[in-house]
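Report on the structure given below.
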Amino acid sequence: MAPAEEPTAATPPPPHFVIVPLVAQGHTIPMVDFARLLAERGARASIVTTPANGARLRGVADQAARAKLALEVIELPFPTGVDGLPPGIENLDQVTDNNHFAPLFDALWRLAGPLEAYLRALAARPSCIVSDWCNGWTAGVATSLGIPRLFFHGPSCFYSLCDLNSVDHGLPKQTAAAGDHEKFVVPGMPVHVEVTKATAPGFMNSPGWEALSAECVEAMRTADGAVVNTFLDLEDQFVACYEAALGKPVWTLGPLCLANKDDADAMAARGNKADAAQRSAVTAWLDAKDAGSVVYVSFGSLVRKPPKLLVEVGHGLEDSGRPFLWVVKEAEAVAPEVRGWLAALEARTAGRGLVVRGWVPQLAVLSHRAVGGFVTHCGWNSLLESVAHGVPVVTWPHFSDQFLNERLAVDVLGVGVPIGATAPVMIFDDENMPVEREDVARAVAALMGGGAEADERRRKAREYGEKAHRAMEKGGSSYENLTQLIESFRKRGGKQG
Ligand SMILES: *[C@@H]1O[C@H](CO)[C@@H](O)[C@H](O)[C@H]1NC(C)=O
């Protein structure tokens, strides 16, 4: 007869992770994937955000509820009366003026009080806070409540290692004093990486951001570890060097996008809402195309191209002669001259090109057999999603980590064709004309064409895609890292508040 269970040996509560994403699509999406994975693997996950951002996550929360997952979305009230911030702006993609970014971060910093109040009100202290690298304000809250804290870092370990090594070797001081075209070798890297003043690593490094940036760096130094959306087989030497340079564990758990595998609703719910009719129109259009024939063109959630640059992209795609699926944002397409021009382009390329205004579910597109290439801004999520689906890229970096992500894709992984962008563009800058139609046509033709180089890029991308899927399956490095992460906090967590 089996002994009756000891009444004192009640199952301990699962470890509880409080996830605090930065309020920007590119940062929130992988952290939501991470939260759902935690819940699917038996942990409890609470995503902390603000009301307007919580509204965007309603689909995620509903789906989790239907699947009976311990995943919840907590909305902290958005701070009011912040100098210089117009009402209604709660997410970086709602910013319409470069001068609004700093006040938006001021507002985020004021969420420390509400976060602390939420945590104190819980029946038990959570096991761990995982907050975005840019949410340096969470460090003080975690310390005052004695809760372990990991930082989630959006970019590749390759980028983060470049960044850390640059700071540790004083590169920012050298580049600050340098001319625009002077080249620097990033110190301490296991491979040769060259940058200019404009493409050197560093987040929040424009004038006026010093205090905020210093706080985030300090929060990184005092964290208990890092969570990164990457996988060992993609960049193992950089993961190892980054872990050594940080001096704390780096949990590589990605590609997190593959948590949505085979689930069209999950793929659609995680990003901005694509209209359902538009979604099926895109799928039907792709269904009619040959395998690997279509180039997908999209520049992430923040970039807005001014009319004259949009026209260059359109002409370049037309001149490339390849089938294309091009996502143009509503905000880019509203100007009357753009509307007329786009309509004419659509008429000229009917059957070969599809221009979508708004959003498409990117994972559904990248996993479609018709898509054979991606023209990307090299935001890490986009690049990783492409690699995870075996799709090679044309790299067109715009700002922050994107120039170094390009170096990883082109020089290290061998899956990219550079479009030739050499300097960042501000998000709403319409003076720079960094890329012209010939660049677009040339790069797309090289990516989608035949020949040994193009075949080799496709072969490498396919290989990384297979390794990415293996990493996320039981026994794979990312899957097992997540198991370890949950287990290590099961031991520490659940203390009574
Ligand atoms: C993640 O998994 C790899 C390979 O299995 C292992 O070497 C590494 O130590 C793990 N990372 C952490 C932080 O445990």
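The values are calculated or read from the model by the stated rules, or taken from the named source; none is laboratory data. Source: prediction; values computed, not measured. Neighbour counts are summed over all protein chains in view; Cβ atoms, including those assigned to glycine, are modelled from backbone coordinates with ideal geometry. Note: areas computed on protein heavy atoms with side chains; ligands, DNA, RNA excluded. Shrake-Rupley method; radii C 1.70, N 1.55, O 1.52, S 1.80 Å.
For the reader, a short list of remarks on this structure follows.
- Per-residue SASA remark: GLU210, around 120 Å² accessible (1.4 Å probe; ligands, DNA and RNA not included).
- Where labels lie 7 Å past Cα in the beta-carbon direction, separation of LYS474 and GLU436 in nm: 5.8 nm
- Sorted largest first by accessible area at a 1.4 angstrom probe radius, with every protein chain in place, the residues SER127, SER280 fall in the order SER280, SER127.
- Counting charges near LEU171 (Lys, Arg +1; Asp, Glu -1) among other residues having Cβ under 14 Å from its Cβ returns a value of -1.
- Residue (of GLY316, HIS153, PHE489) at the positive-pole extreme of the chain, dipole from beta-carbon charges: PHE489
- Sorted largest first, the principal axis extents computed over the alpha-carbon atoms of the chain equal 74, 60, 47 Å.
- Principal axis dimensions, the stretch 275-469 - Cα atoms, whole angstrom, descending: 45, 38, 30
- Note on ARG149: accessible area approximately 10 square angstrom, rounded to 10, probe 1.4 Å, nucleic acids and ligands left out.
- Area accessible to solvent at LEU482, 1.4 Å probe radius, in Å²: 10 Å²
- Per atom type, the stretch 275-469 shows carbon and sulfur on 53% of its accessible surface, probed at 1.4 Å.
- Bridgeable aspartates and glutamates around LYS289 (alpha carbons under 15 Å apart, same-chain partners fewer than 8 residues away excluded) are absent.
- For a modelled paramagnetic label at ALA288, 7 Å from Cα along Cα-to-Cβ, the residues of the stretch 352-395 in reach, with backbone nitrogen under 13 Å, are 352-355.
- Average accessible surface area per residue within the chain, 1.4 Å rolling probe, Å²: 41 Å²
- A simple charge model with +1 on the Cβ of Lys and Arg, -1 on the Cβ of Asp and Glu and nothing else charged puts the dipole of the chain at about 1080 debye relative to its Cα centre.
- Global form of the stretch 236-391, assessed from the alpha-carbon gyration tensor, a/c cut-off 1.5: prolate
- Lys/Arg +1, Asp/Glu -1 at C-beta; the stretch 275-469 dipole; positive extreme among TYR464, GLY414, GLY379: TYR464
- With contacts taken as Cα pairs under 8 Å and at least 6 residues apart, the stretch 275-469 reaches a relative contact order of 27 percent.
- Considering only LEU246, GLY188, CYS216, and ranking their Cα positions along the charge dipole of the stretch 119-254 that arises from unit charges at the beta-carbon of Lys, Arg, Asp and Glu, the one farthest toward the positive end is CYS216.
- In this calculation the C-beta distance from ARG110 to ASP168 is compared with R0 = 30 Å, giving a FRET efficiency of 0.45.
- Positive minus negative residues near LEU286 (Lys, Arg vs Asp, Glu; Cβ under 15 Å): +3
- Entries of LYS197/LYS305; LYS197/LYS460; LYS308/LYS329 with Cα pairs more than 19 Å apart: LYS197/LYS305; LYS197/LYS460
- Estimated FRET transfer efficiency (GLU72, GLU463; beta-carbon r; R0 56 Å; 0.05): 0.90
- The stretch 47-132, accessible surface, carbon-and-sulfur percent (1.4 angstrom probe): 55 percent
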